[in-house]
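Worksheet: the structure to be examined is printed underneath.
Since every read-out is calculated from the coordinates, none of them should be taken as a lab result. Fair warning: this is a prediction, and the values are worked out from it, not measured in the lab. Cβ: placed from backbone, ideal geometry, glycine included. Neighbour counts: every protein chain shown.
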Amino acid sequence: MPTFKFFDLNVHAYPETEVPVEELIRVARRYGYAGIAITSYDEVVKGKEGVQLPPSVANFAFRGIEIRAKSVSELKRRIRLYYGKVPLIVVRGGSKELNEAALKNPMVDVFAPPYGEHEKVGLTHVLVRYAAENDVAIEFNLNAIIHSRRSDRARILGKMREILKFVRKYKAMPVITSNARSIYDLRAPREMVALASLFGMQKEEAVHALSDIPEGILEKKWKKRREVEII
Amino acid sequence: MKMKRAKCKTQNKFCVLRFALLLPPTLRERRRYLAFELISEREIDKRELLKEIRDSIYSLYGDTGASESKMWLIEYSKNEDADGGTDRCRGVGILRCAHNKVEEVRAALACIHSASGVRLGIRVIGISGTIKGASRLTATVKNEKWKVQKSKML
């Protein structure tokens, strides 16, 4: 069996939670990850480049920014602010207009639909198509499944199933993330695959969404081509 | 001598009886043993953990799914010597389930985020067909921890 390099692209550390980066990295290493991305909220870091990581973990932990904007213009401004400075830009979705603006923007790396919140996830098949065109990965946030129960979980799983259907149809990139806010929220890769099977993801798909796709996103494998074209 | 013989006889009888009561191999259920590791904020009882695992399986798969998985907690032991020195506790345990429900039980274990208000995370170390094999897996993790502890103390 080939060995995979697993990555978790959405982990929250010290500035917004009380967990230091080192703790998260230690637990993630133990669980068998090849790398994690520490995504800080942009309201917390305010224009700076996110968490300062010690050089010893440079090829294990990656810096990222999670943008939570309220309007389209604000979103665009913030993406332009961080683009090029940070290896990973994640945009948290919201209203339909906001989602559209995020998915049409090739500067965005990962789009995170708001599964946990009560509002409607405005992610239609048209928007997923934009995501496939602009190489924006769509996140499946497993923390939402872990931390909800009964009707809430049923709703979230149903939504994920629907989005997975669109992702398969338009060949967009799915990414499985833990969205961990403490070391207790982290799950080992095999557990993540088992959780992904709850909303109908095949094992191979889930492994792909945990290993090859995140690695490609961090290396900007698919984006590079686009940049050359623009220049 | 007499005593010994008598003992042997009774033992023999007992063995025969036991084998008669055992299910024939063709009817025995196929099981898998999951060796798991747990990290938590505070120490957790075996009873609390079992309750939480059951709750998780029932809420994920319902009554029929839970009956099919045939889940049973074989053993759970707390490890007092948690490494790192923070207020974290570790424990290892073995869980039994039906051989075709391993992934389901794994998902149910991954869905557990807290037990009686204590945050925790479970990782499956490995799966085995026998308790002996599973306990070997847990033993490796225990030894590993001990090494970490020792090197830190030095």
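In this structure, the amide hydrogen of A:Tyr41, modeled 1.01 Å from its nitrogen in the peptide plane, lies closer than 5 angstrom to those of A:Glu66, counting only residues at least 5 positions away or on a different chain.
Ordering A:Ser73, B:Ser56, B:Ser114 from the fewest to the most neighbouring beta carbons within 10 Å gives A:Ser73, B:Ser114, B:Ser56.
Label-to-label distance for A:Ser151 and B:Trp72 is 3.8 nm, based on points extended 7 Å past Cα in the beta-carbon direction. Extending 7 Å from Cα along the Cβ direction at A:Glu204 and again at B:Arg47 yields two label points whose distance is 4.9 nm.
When the Gaussian network model of chain A links Cα atoms closer than 10 Å, the mean-square fluctuations of A:Gly216, A:Gly35, A:Gly93 top out at A:Gly216.
Whole-Hz Karplus values for the range A:127-142 come out as 5, 5, 5, 4, 4, 5, 5, 8, 6, 9, 7, 9, 8, 10, 8, 6 Hz, taken residue by residue from phi with 6.51 cos²θ - 1.76 cosθ + 1.60 and θ = phi - 60°; glycine and proline positions read x. Would you mind getting me the FRET efficiency between A:Glu74 and B:Arg28? Use the beta-carbon distance for r and R0 = 56 Å, nearest 0.05. FRET efficiency, A:Glu74 to B:Arg28: 0.30. Of A:Lys5/A:Lys159; A:Lys5/A:Lys165; A:Lys159/A:Lys220; A:Lys70/A:Lys104; A:Lys159/B:Lys51; A:Lys70/A:Lys96, which sit over 22 Å apart, Cα to Cα? Checking Cα-Cα distances, A:Lys5/A:Lys159; A:Lys5/A:Lys165; A:Lys159/A:Lys220; A:Lys159/B:Lys51 exceed 22 Å. Once the chain from A:Arg29 to A:Lys104 is taken as fully extended at 0.36 nm per residue, the excess over their C-alpha distance is 23.5 nm. Once backbone amide H atoms are built at 1.01 Å from N, A:Leu9 has A:Ala37, A:Ser178 as its partners under 5 Å, excluding neighbours fewer than 5 places away on the same chain. Note on B:Ser59/A:His125: beta-carbon distance plugged into 1/(1 + (r/R0)^6) with R0 of 35 Å gives a FRET efficiency of 0.70. In the elastic network of chain A, a GNM with C-alpha springs shorter than 10 Å, the most mobile of A:Ser95, A:Ser211, A:Ser178 is A:Ser95.
The 3J(HN,Hα) values that the Karplus relation (6.51, -1.76, 1.60; θ = phi - 60°) gives for the range A:161-178 are, in residue order, 4, 5, 5, 4, 4, 5, 4, 5, 5, 9, 6, 7, 9, x, 10, 9, 10, 8 Hz. Gly and Pro appear as x.
3J(HN,Hα) along the range A:82-91, derived from phi through the Karplus expression 6.51 cos²θ - 1.76 cosθ + 1.60 where θ = phi - 60°, amounts to 9, 5, x, 8, 10, x, 9, 10, 10, 10 Hz, with x in place of Gly and Pro. With a 10 Å cut-off around each Cβ of A:143-149, the average count of Cβ atoms from other chains is 3.
Which value, in debye to the nearest 20, describes the size of the charge dipole of chain A about its Cα centre when Lys and Arg Cβ atoms bear +1, Asp and Glu Cβ atoms bear -1, and nothing else is charged? It would help to have the intermediate numbers written out before the result.
Numbers: 39 positive and 29 negative charges, 91 e Å.
Value, rounded to 20: 440 debye.
Across chain A, Cα pairs under 8 Å and at least six residues apart give a relative contact order of 20 percent. Rounded to the nearest 500, the 222 nm mean residue ellipticity of chain A from helices alone is -12500 deg cm²/dmol, with -39,500 (n - 2.57) taken per DSSP H run of at least 4 residues.
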